[in-house]
Structure formats: C-alpha cells, structure tokens
1. Pick from the stretch A:18-41 the residues that are of a type outside the set (G, A, S) and in contact with a strand residue (DSSP E or B) (Cβ under 6 Å, 6 or more places away or on another chain): which of them is most open to solvent (accessible area, probe 1.4 Å)?
2. Search the stretch A:26-44 for residues that are free of Cβ contacts under 8 Å to residues at least 40 places away in the same chain and within 17 Å of A:A227 (Cα to Cα) and pair each with any residue that is among the aromatic types (F, W, Y) and open to solvent by 20 Å² or more (accessible area, probe 1.4 Å) when their beta-carbon atoms are under 8 Å apart and the residues are at least 6 apart or on different chains.
3. Name the residue that is modelled with the lowest pLDDT, counting only residues in the stretch A:188-229 that are open to solvent by less than 10 Å² (accessible area, probe 1.4 Å) and more than 8 Å from chain B (Cβ to nearest Cβ).
4. What's the number of the only condition in (1) surrounded by fewer than 20 Cβ atoms within 10 Å (Cβ to Cβ); (2) farther than 22 Å from A:L15 by Cα that A:Q148 fails to meet?
5. Report the residue count in the stretch B:145-165 for those that are of a type outside the set (F, W, Y), modelled with pLDDT of 95 or more and under 21 Å from B:L184 (Cα atoms).
6. Among the residues of the stretch A:2-17, is any closer than 28 Å to A:R250 by Cβ and small (G, A, S)?
7. With respect to B:V273, determine if the residue is assigned to a strand (DSSP E or B), in contact with an Asp or Glu (Cβ under 6 Å, 6 or more places away or on another chain) and surrounded by 18 or more Cβ atoms within 10 Å (Cβ to Cβ).
8. Any residue at all in the stretch A:128-138 that is within 19 Å of A:T4 (Cα to Cα), without any contact (Cβ under 8 Å) to a residue 40 or more places away in the chain, hydrophobic (A, V, I, L, M, F, W, C) and open to solvent by less than 50 Å² (accessible area, probe 1.4 Å)?
Amino acid sequence: MWNTLILDPMINALLWIYQLFGAGPNSFGFAIIIFTALIRVITLPLTYRQTKSSMVMAEIQQSKKWQKIQEKYKDNKQKLQEEQMKLYQELGINPLGGCLPLLIQFPIIIGLYQAIIRTMAAAPLQLLDLSSHIYSIIPSSLIPLNNQFLGYMNLGQPERLPLPFIPSDIPIIGEGLPVLAILVVITSYLQTKLTTPPSTDGQGAAMGQMMSLYMPLFIGYLAYSFASGLALYFVASNLLGIIQGFVMRRMRQTAAGQPTK
Amino acid sequence: MSTLPHPTRRSILLLGLILISSVLLAGCGSGGALTAASWPGLSIDDTNAYLAYGPTVYAIDLTTNRESWHYPPEPNRTASFFASPAPSEGGLVIVGGYDNIVYALDPSTGGDVRSAWIFEDASGNIIGGTVVAEDIVLVPSADSNLYALDLSTGDPVWTQPFNTDEALWSAPLVDGNVIYLASLDHRVYAIDLPTGRELWKTEPLNGAIADTPTLAGDLILVGTFNSQIVAVDTERRGEIAWAFDTSGWVWGSPAVADDLAFFGDYMGLAYAVDITNGQEVWRVTVDGPVTTTPAHRDGVIFFVTEAGTVYAFETDSGKPFWTSNPILNGRLLSDPVLSGDTLLVATMDNPCVISAIETETSATRCLLQFEE
C-alpha cells in the first residue's frame, strides 16, 4: 500500500523529471529541487492551514484579553482551561486545526525522503531494491543515475567542497568544507524561527527555543553524514518553507493593518 | 503556573513527529559501515571456500567443513567486505573492501591472519571481485577505475588506472593478455593486460552491466539492465553479434555449455539460448527474480532465486532435475559456486550463510552458520 500509493509514484516522478533534464550531469540535482518544489506546491493547502493556525494561536497568546485571563485565573488551572476553550469558541478557532494538516503531511515528507534516497541507489542492494519500484515506461537506460552536481559533488556521497589551502588533518573541514550541511543548519534555523510562533508561556518558550536550536543542528548533522542529495533536498525544502512563511507573515500583517517589519 | 496552552501541545506533537522522522530518516541512511550494501561474495580454491560478508572474510576448509581463519580478528566499524575474495597460487587471498581498500591476506601469518599489503588509492567501494592474473591483481572500483597491482607488493603496475565513465561493480574477465571489463556505463571494454591500454570498446548497450562477462569462443556474453543478453564479437572489435530480449533486467551473466547460454532475469524466468544464433531453446518460470550467474555441471544447470530456491534443470530440455526442498529461507543473490559435486550457495537473512547442496540428490547441509 505504502509503495503503491506513495513511494513508487514519487520515485518514478523523480526519474521522469531527471529524464526531462537530459539525464546528465546536474540533472539529478535539478530533479531533486524541482520535485521538492512540486511536493511543496501540492501540500501547500495543508501547510497554509497549519502555518495560519500557528499564527492565529500565537496572536491569541499575545493578546491582552488572554493575558488578563491568565492573570485572573493563575491559581486555578481548571478554570483557566475553561476560559481558554471559551475564548477559542468565541473566536471560532479549532485548537487542533494545525495538527491535522501536519499529520497528513508527515507521510508525504517521509515518502519524499525515501524516494530521493532510493533513487540515488549507490550500492548493489539499493539498486536491486530500486529496480522493483520502477515503472516499465521509465527507460532502464537511465540507470545508474548521473549523481554529479555543480562539478564537484556526488549526490550519492556526503558533500565536501575541496579547499586546497586547508590542511587535511584539521577535523571536520580537513577533507573539504561541508557547504550544504552549513546551509542546511542556517536555513533550518531561519525556517523554524519564521514558522514557529513565539510563546509567552514559560514551558512553551523553552520548548520552542530548544527546537529552534537543536533541530537545525541535528538536521545539519544528517546532511553532513549522509548522501548530499538528501542535504540538497533539505536546503531546497527549507528555502521554499522560508519563502512561504515570509509571504504568509506579510499577508497576515497586511490583513491586520500592521506595518511590516 | 499556567496550564499548557495549545501552541505548546502542538510543539510537543511536532517535536515528537520530528524525533520519529529522525529515527526513520537515520534508519534509512546508508552511511553506516556495517549496513549491508551488497550480497555475500563467495569463491573457492582447492582447499577452502571464501566468503566476504559484512565485517568479516571467512575461509572454510572444504575437507573438514571447519573455519580455517577469518579476517579481521575482531570486526571493526570501518571495514566491510562484499566482493568475492581471490585466492592466488602464492597463498595470498586478495579481497577488496567496501572501505575502498584492497587487502592481501596472508594465511601463513598464523592464528590472526594479517594483510601482507594494502592498497588505498581507490576512491570508490570495491564491489566487484578482484582477479589474480599471473602476478597482477586487477581491482574494479566504484570510482570507475580498474587498477592493476603487483601481486607481491601491491604497487600499481600500469602508469595510470583504466578509466570508464561509470562505476565498476563486477570482476573483469581475463583471457590470455586481454581483459574484458563490463561497466555500469553500458559498455564492455577490451584492455591490454600488460599495459592497461584500451584495445576496443562496444557501443553503449542501452543498459548497465553489473556482472562479469562470459567468454564463449569468439563471443563475449553480457546481461544488461536493458533486459537483454548481448553477444559481442571479440574478433570484430566489439561489434554486436546478436541480442536476445528478456522479460526483465539481467543482473547476472550467462553460463555456457554445449553451445547454449543459460541465464535468468529479474521477472523470474530462466532461459537457454543458442549462442550461435541467439535463438531461444527453452524458458522456465521460477519462483522469484534471478540475479545471479547460474552454475553448470554434467548436463545440469543450477539457478538460484531471490525467493530462496535452488533449481536444477536438464540443460538440453529445461526439464526439472530437482528443486531444493525446503527453500533456504533467505535471499539468494550471490553466484552459486561448484566445488566438485557440491553446489555452494550463500544466503542472506539466514543464520546458515553458506549451504552445501549435493548436485545429484539436492541433499543440503550448512557449511557456515552465524550465531542468531
């Protein structure tokens, strides 16, 4: 079911785009970027609802009305919850409105990741596995994919930009600068900052701060360690997320009549 | 202290999802040295069977059925082996590592077998088996180069390695002073052994070639991912003599006996084709993909399937001689190897990693068992 509905269509779409780009050097890199953008467009209604819901909730948290309620019932948790729900009802907000789109997106994101990893197939077992996912309309002459990108990168291997002036015995950057991994950390951080609403609550703020710091580092570690095709996907996805978050923030500010920062 | 507002709960949910996805993402990665990247590499000489599988290379005495030695003495995370080991007449066993290093194992060094030399210049995994031709070791690498090394020292013999356009996943075939090399770049190359100079190459065959070519008289036979067996004429500098269409990708190469070529495809069909004209003689449906080169002995051809079954067919008719019963409970992706009247089969996903099957009776015993 998973393969039929999610993974196989994604793998074959990726191969089809790769073929459109000429199946040569750079083609697979461009295919990853275009495919990631396509998936972003397809899931846009979901991410839009999720981000919008997050923004509305953040606005409520920062509203004077909510802060007054918090102050008034700070010693009565149950009453505070009741008032919170009442406030949501008054404003016509479903507090779980942002969760469902997130849950629906989740298998798509995992499928996208798996499709990219499987299509790169740099080892015999991976290629054997890939061969069972390819539709007959995809020409087998495409295999193996040309993983070269930007002249120095093999998308099936971790990326390191060779820097002849750096001694090779220096840890981490001695074998080359992990440019994509660095970009992944930066873009992940920016995207988290842009799409995660600030919380006025102590626990929520701490949690948000932890996520905005540790998750970019963790994703950056994945990008540093695994095939650079995955890092390219992270960068493309993050950049598109940043653009989307930025546009939505502007739209809400414009709608609310606030000056944009 | 206030209650948890919903944004916080959503943050926790998001964090949970990210952590789950992180585990899934990390689990799907291929960065770990011990992750199985390929299937076991199996080979034999007069006294031992050799198996390269994951962190260890094993030598099994074929007379006593006991382990002679293994390398390295203790597995480490940096080295793993999948390419078939190549025993040499001088006693060294050459094995290419998935860590890009070639090891010349010297069993005469005693209990802890050591490497007489290592070769570290390759920048790609060694997936195809190494080949020893006289005093030269040929090493195909996924960095798309074929290296020629001195057997006694490991020093390069050619001024530069022979380069193709894609990764090399199969051992080369040596016939006299000519090397025949199949590449994932869709071509077969003929190379001068002493110098490493290209003699000729075929036109692109529209599909990658993942196994060693088979020599049949003046013809070189290869299976391709373009769902074909292609016969290349060596006397006509690599012109295509004929091509036979199969139902699925051909991962293995043909076995040849009595002017017939035997091979299987990924769709689970076993074929016999007349090598003089490329016409089909028979075909049989088996229980799973065939990704290996079959083995032949005394009028019987042995196919193994990914589903774990070994089939023995009469070569001239394709009639069943026997079918392994029960199946071996594991994926059979390595080429079966004949040792006298015994067929050795390496199994994945099964504690019994090498099974020995009597070719006459199909009686099966376990030659090498891993701890569960």
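The values are calculated or read from the model by the stated rules, or taken from the named source; none is laboratory data. Everything quoted here is computed from the prediction, not taken from an experiment. Cβ: placed from backbone, ideal geometry, glycine included. Neighbour counts: every protein chain shown. Calculation scope for accessible area: heavy atoms of the full protein, side chains included, ligands and nucleic acids excluded. Shrake-Rupley method; radii C 1.70, N 1.55, O 1.52, S 1.80 Å.
1. Restricting to residues being of a type outside the set (G, A, S) and in contact with a strand residue (DSSP E or B) (Cβ under 6 Å, 6 or more places away or on another chain), the top hit is A:P25.
2. From residues that are free of Cβ contacts under 8 Å to residues at least 40 places away in the same chain and within 17 Å of A:A227 (Cα to Cα), the pairs are A:F30/A:F21; A:A31/A:F21.
3. Ranking the candidates gives A:S212 first.
4. Evaluating A:Q148 over (1) surrounded by fewer than 20 Cβ atoms within 10 Å (Cβ to Cβ); (2) farther than 22 Å from A:L15 by Cα leaves (2) as the failure.
5. Residues in the stretch B:145-165 being of a type outside the set (F, W, Y), modelled with pLDDT of 95 or more and under 21 Å from B:L184 (Cα atoms): 7 in total.
6. Looking for residues that are closer than 28 Å to A:R250 by Cβ and small (G, A, S), one finds none in the stretch A:2-17, hence no.
7. yes
8. There is at least one residue in the stretch A:128-138 that is within 19 Å of A:T4 (Cα to Cα), without any contact (Cβ under 8 Å) to a residue 40 or more places away in the chain, hydrophobic (A, V, I, L, M, F, W, C) and open to solvent by less than 50 Å² (accessible area, probe 1.4 Å).
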